[in-house]
Amino acid sequence: MTIVYNAALSVGAVGACFFSYITGLKLTGENNYEEFLFDSELGLNISTSSTDDFILEYPQAEVANEQTTPELTPSVNVPKNVSTNDFKINAESFGENNDYVEEHPQNDSKQVVDHTVKSGDSFISIARKAGVEADDLTNLLYRSGIPQSTFSLKKDQRIDFEFISKTLESVSIYDDSITYVKISSTKKGSYAKSKVKLPTSIHRKPINFQIVKNFSVDGLGSGLTHTEIAQVTDTLKSKLDFSALRFGVEVEAIFDREVVNKKIVSTLLKAVRVKVTERNIVEAYYFKTSNGAGYYDIDGKSVTPSFLRHPIDNPLITSRFNLHRKHPILDIVRPHWGTDYGHMGGTPIKAISDATVKFAGTKGGYGKAVILKHPQGIETLSAHMSKYGKGIKIGAKVKKGQVIGYVGKTGLSTGYHLHFELKKDGKRVDSLKIDLPTIDTVNDISRFKQEVGAYRTEFTG
């Protein structure tokens, strides 16, 4: 299909002068478009047609139902001294079909014109009706180096044109993503493209349900996301066996959801209560202390251990702390200052608490080793590693459960295993027998009780 747009411009009695509109992308349907290029200045006369999708489709995210979810209007701010009656349709210069372009007076020199794309629209037709001058449009489309695909349109998209003294300052193109495309003028008289994140807002979301099938299925059915289900199970895993929860167990949870363009981009569990029976109720509340944030029961005691007992999941102990052990390679009696975990090569080794990396490198017979400095005078050494965890270097901060390395057989070793040592106040001790501080308590019980009380008022029971 060849499409050529010519328009005749009459200027008084002088006669007629013919000129052509610059290129445009015209919507012919939901996902079809025609592209026509004709510019008398640039000498372009190209016509193409395509039925391919012309806009990137974004996966649908879960949408918060609250009425407070932000609308897609980040670029228009109404001054306090401007009446809403000043927001009007500019119909004087746009012809008959002009029910979709709005002008928003900002001040004497700045204005924003909004448009929602309809079938039959092209970027060029929208821009011209919004008041974009031909020179600005030419610079934007052909001299800026911005890909032409940027100006492909989809029905119901929104476009904002910002002007300063009738000169195009920027164009913002929105879709259903959490970002939008902004094209801004530069000091060199051209335009540059960038992606901008839409404004975020936090929404409090209480959810309650009874278990009929299992926690995951019923949680999803009640409106929880997969991430939120994982947060609840991870928080209470030391208190509850979720696979054993039976019919009738009541669950209540409160989340703070970060929402962008009606999509949940992050979520944080603030409180949860699981009523297994009338006498067996498990609760956890999010609380920030001077040492960080965590989850605590109604009495302010941590529901997750401050220290892990073992540095490896599903521990298999092959040799214990022994001051009179005969060395399997040297064949002499020599103290075994640690605990050996016999696992396959590549098994992750984890920090048993938040810590600072004191040493990471090769250490004699220990091979590749990592020494961590933990709170309360505790220090650990993990030896014979095959490799280190990501970001593990001297001075790095690690979190409890973070992978610091992988099981190997470097150094003086008979095979794959982890040699794990623990010091308390500079003295080597048996890591399996030491009384680790596995329960933490809040340091401001008054503030904690106040915050917990606010959460509990949101529970239904």
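The values are calculated or read from the model by the stated rules, or taken from the named source; none is laboratory data. This is a predicted model, so every value here is computed, not measured. Every residue, glycine as well, gets a Cβ built from its backbone with ideal geometry; the counts of neighbours run over all protein chains shown. These area figures cover heavy atoms from the full protein model, side chains too; ligands, DNA and RNA do not enter into them. Shrake-Rupley method; radii C 1.70, N 1.55, O 1.52, S 1.80 Å.
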task: Would you mind finding the one in Asp354, Asp340, Asp331 that is at pLDDT 80 or above, acidic (Asp, Glu) and over 34 Å from the mean Cα position of the chain (by Cα)?
output: Asp340
field: Spans of strands (runs of 3 or more DSSP E) in segment 386-461 with at least 2 residues open to solvent by less than 30 Å² (accessible area, probe 1.4 Å)
entry: 403-407, 418-424
task: Kindly provide the set of residues from segment 163-182 that are assigned to a strand (DSSP E or B) and within 23 Å of Ser119 (Cα to Cα), ordered by number.
output: Val171, Ser172, Ile173, Tyr174, Tyr180, Val181, Lys182
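Confirm whether Lys187 is surrounded by fewer than 18 Cβ atoms within 10 Å (Cβ to Cβ) and in contact (Cβ under 8 Å) with a residue 40 or more places away in the chain.
Answer is no for this residue.
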field: Checking Gly361 against (1) in contact with a Ser or Thr (Cβ under 8 Å, 6 or more places away or on another chain); (2) loosely packed, with under 15 Cβ neighbours inside 10 Å; (3) assigned to a strand (DSSP E or B), the condition it does not meet
entry: (1)
message: Suppose we keep only residues that are over 16 Å from Lys270 (Cβ atoms) and among the aliphatic types (A, V, I, L, M) within segment 211-250. Which one would you say is most open to solvent (accessible area, probe 1.4 Å)?
response: Val212
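Would you be able to tell me the number of residues in segment 139-160 that are in a loop (DSSP other than H, G, I, E, B) and among the basic types (Lys, Arg)?
Count: 2.
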message: Just the residues that are surrounded by 17 or more Cβ atoms within 10 Å (Cβ to Cβ) and of a type in the set (Gly, Ala, Ser), please, taken from segment 371-385.
response: Ser382, Ala383
query: Identify, please: which residue in segment 108-118 is in a loop (DSSP other than H, G, I, E, B) and modelled with pLDDT of 90 or more and is, among those, most open to solvent (accessible area, probe 1.4 Å)?
result: Lys118
- request: Could you check Thr380 against (1) at pLDDT 95 or above; (2) more than 35 Å from the chain's Cα centre (by Cα); (3) of a type in the set (S, T, N, Q) and say which number it fails?
  value: (2)
